[in-house]
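Data first, discussion second: the structure below is written as structure tokens.
The values are calculated or read from the model by the stated rules, or taken from the named source; none is laboratory data. This structure is a prediction, so every number in the text was calculated from the model and none was measured. For neighbour counting, all protein chains shown are included, and Cβ atoms are generated from backbone atoms with ideal geometry for every residue, glycine included.
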Amino acid sequence: MPSNIISIAVPDRQTTSSESRCIELVNEFSPEVQLQLRRTADIPQQDNLVAFLQKLAETLQLSGIRPLSEATYETVSKCTTPEDFGGYGFGTETPLTASQEADVVFLYSAFIEAVKSEERARSKPQPLRHRPKGRRPMTMAEKVFAAHDVSQRGYVRPGDIIQVDVDWILASELSWQGIETVYSSVGRPGIFRNDRFWLAGDHRVEPELYDQPKVRKLMELSERAQKDFKMTDFQGFNYTILHTEFVRERAQPGMLCIGADSHSCSAGAVSCLSIGMGSTDVCIPLVTGQTWLTVPKTVNICFTGKPPKGIGGKDTILYILKEFKRNTIAADRVIEFTGPGIKYLSCDARFAIANMCTEFGAITGIFESDERTVEFIDRRRVKKHRNSAIYYRADEDAEYEASYEIDLSKVESFVAVYPAPDNVLPVSEMAGTRLDGTFIGACTTAEEDLIIAAFVLKAGLDRGLELVHRGRRIVVPGSKPIRHKLQELGLLDVYARAGFKVRVPGCSMCVGQGIDQAAPGEVWLSSQNRNFKNRMGPGSIANLSSAATVAASSFNMEITDPRPLLDAIDMTELERCLGYLPFTSERRQSKVETVYSEPYGMEDLDDPESGVVKTEEAGAQSSVASGEQPTSINIIQGKPLILGDFIDTDAIIPSNFIAGNTGNESLGAHCMEYFMPEFRSRVQSGEDIIVAGNGFGCGSSRDVAVNALLGAGVKCVIAKSFAFIYARNQPNIGLLGIVIADDKFHTLVKETEKAEITIDVGRGVVSVAGEEFPFQLSEMEKSLIAAGGLTEAFKKFGKGVFDTLCRQKVPTKGSITDIEAVEF
């Protein structure tokens, strides 16, 4: 018998099938809660299903059934929220069609399922207010890792292999195609939380392309995921660029997120640790809610000084790239941004900096929490997307791998010159460069950038600047809410008067394979984040700058210093539009206070340094490999195929060969097709061990690059260093990757290019020309390669795969991831 019978007042009429189904959903939720209908003439009969749910939510709330009442209120809120803000735009009295009612019932079932998902999720202890006595000092990033470490030790060290709970999984419609293949291969086992999967259609979908068969297939796969998982956060198509609304309205400080996109690091703008990975690496935590990580070292960039007027996040990250270059200080590191200068950078400015940490070569980037972070989070529309924020900051004695200072007063307007984002020059040195097109958009370009660019255009128009009658001008707002605001402020009209075509939210020209592409040989200036070869279209030449510089350059279609137009901006009007001043010599006194926390841990542990032995020092063995490596990879022999530095995934498997090729052999048939046409024949002739330089596998997060190498016949890749996402993709898919940074080895290989290389995995040495060079594999790498990759490990161990793979790897007290360049 139910212990809680709840009476709900309904109109004095026949209950509709949709209303009955909603009642059934509540009654099915718990046998202890049962609804009974009480018909009354006091309720208008013309009220629709949304009004019925509103009444139901009130009844559940009054009855103290909090989880169900909140789920019901969330359903009503989504139904009544305008479409431009992610809702259905239904009123409580508007007649609904049968299809619309079905959508409402589905949404209600999704939010009720979310209550169940949350209850099944691993409960976390509350964070601490003070650092426990004797606990090792940690960086901010390390504290986030420690807070998600399932062992709940309360601290981590660089080099520790840890099993972590994740808060969110992100994917685009394009990356979901790859994830879905892996998901199907492991038996479609369901996902860990239906309210923590953010799936946004942005890469290949544009209204003009919806009917194309391959685009339609991508859309159908995403729509199937929405239905199968009962997703509450499916964003549909062209509502938002993947990262834009996720950072604006979902990611919270202190969270750990995994995304199937290399720019997932964007959420670092709001002090969220978000890491891009490959499809397999994203699929398994989507199912289990967990993944594994080797705790990386952290590099601190301390901002000092005040930026000049008009200087925001994009010019700041270009300055950083200019000063340090790609894949140098950031390689395989987390970049932590701190210092007195961050108070002058809005969260939108921080977004651009965090977003381009992937171009910098970092695993991810994260900003120290401060009052601006709190203000940004507190402005969110939905309570649950702001009330889980946990604010951390580095300990004063935190141990960074290195620390660097960036004086914001030295930042000016820059241009990253084709074909590398770190080939950065002051705009003054590029002034007058003829352009064929200007593009303002892509995930890097936040609301602040779009508004400032519009003000630059208005300043130019007000001065009587005329538009040259050549070239193309395109602007793409990052989301419908941003587009709505631009429309409301009259700024879309400014863009139109300045000759810009306004497109729907999406990646657009930043992937260069939609309806808008740069033609071969065309020179463009863009506010996007990458300017690699062919990025904006085959044969295109892309240069990068801030949106303000693009806007100033659009009048004469020549690269132009934006400062004169920035100086002409009406700052009072700009503050009205933004709600804050982006360019100011002093920060106004904040009305909020940042309350910092510490990860939960063993408060009675006086000296963790003396009580714990690092896993590899203790010689812990993988439960998969059982302390031995299979004979199939004990000894590998072959001849070297020498490659240079920064071989990116676009070179390994060109984008136009990915769609339709899902197996190793079919992908391998096109491996290095443009970069090195003779590659496949050389591998087949015995040059099947790649010897490369720094940053092998940089660029896109696409893990099919590993499949392509395997399909071509590559046995092993030896490099001075690997890009982070690619380095994880290798063992996840089952390809051996070895780091040997010793220049002597690489010199010897070049001098004896035809000499055979022997790799003894058991001993951890590579032999060439009579000399031996040691290498190390982590226990996790050995386990994954021995298992045949992460997918095969999941098939064997199921949802407990990380419990198994990480067993004995987590020290306890007293014991020893570009998918965006896929072409159709």
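Quick notes on this one:
- Of all the residues in the stretch 694-714, those that are in contact with a Leu (Cβ under 7 Å, 6 or more places away or on another chain) and not hydrophobic (A, V, I, L, M, F, W, C) number 2.
- Considering only residues in the stretch 311-326 that are among the basic types (K, R) and surrounded by fewer than 24 Cβ atoms within 10 Å (Cβ to Cβ), the one that is modelled with the lowest pLDDT turns out to be R326.
- Candidate set from the stretch 279-292 (those that are buried (at least 24 other Cβ atoms within 10 Å of the Cβ) and of a type in the set (A, V, I, L, M)); member that is nearest to I658 (Cα to Cα): V282
- D493, sole failed condition from (1) over 25 Å from L321 (Cβ atoms); (2) within 30 Å of the chain's Cα centre (by Cα); (3) not in a loop (DSSP other than H, G, I, E, B): (2)
- Residue check for P132: modelled with pLDDT under 95, out of contact with any Phe, Trp or Tyr (no Cβ under 7 Å at 6 or more places or on another chain) and in a loop (DSSP other than H, G, I, E, B): yes
- Residues in the stretch 449-468 that are buried (at least 23 other Cβ atoms within 10 Å of the Cβ) and of a type in the set (D, E): D449 alone.
- For the condition modelled with pLDDT of 95 or more and not charged (D, E, K, R), V76 qualifies.
- Residue in the stretch 242-251 that is surrounded by fewer than 23 Cβ atoms within 10 Å (Cβ to Cβ), within 22 Å of S184 (Cβ to Cβ) and not β-branched (V, I, T) present: no
- Scanning the stretch 624-680 for residues that are among the charged types (D, E, K, R) and either more than 22 Å from T791 (Cα to Cα) or modelled with pLDDT under 85 (or both) yields E628, K639, D645, D648, D650, E673, E678, R680.
- The conditions of being over 25 Å from the mean Cα position of the chain (by Cα) and among the hydrophobic types (A, V, I, L, M, F, W, C) are not met by A389.
- Within the stretch 187-207, being surrounded by fewer than 13 Cβ atoms within 10 Å (Cβ to Cβ) and either under 30 Å from V476 (Cβ atoms) or under 19 Å from the mean Cα position of the chain (by Cα) (or both) holds for one residue alone: P207.
- Counting only helices (runs of 4 or more DSSP H) that fall entirely inside the stretch 338-442 and contain at least 3 residues that are buried (at least 21 other Cβ atoms within 10 Å of the Cβ) and not hydrophobic (A, V, I, L, M, F, W, C), the qualifying elements are 347-355.
- Residue selection: I179 satisfies the criterion of being part of a helix (DSSP H, G or I) and among the β-branched types (V, I, T).
- Only one entry of K230, K309, K325 meets the criterion of being at negative phi and among the basic types (K, R), and that entry is K309.
- Qualifying residue in the stretch 475-484 (condition: β-branched (V, I, T) and assigned to a loop (DSSP other than H, G, I, E, B)): yes
- Verdict on E687 being charged (D, E, K, R), surrounded by 20 or more Cβ atoms within 10 Å (Cβ to Cβ) and over 18 Å from R702 (Cβ atoms): yes
- Of all residues in the stretch 681-703, those that are on the phi > 0 side of the Ramachandran plot and at pLDDT 90 or above total 2.
- Only one of the listed residues (V282, V270) is of a type in the set (V, I, T) and within 22 Å of S700 (Cα to Cα). That residue is V282.
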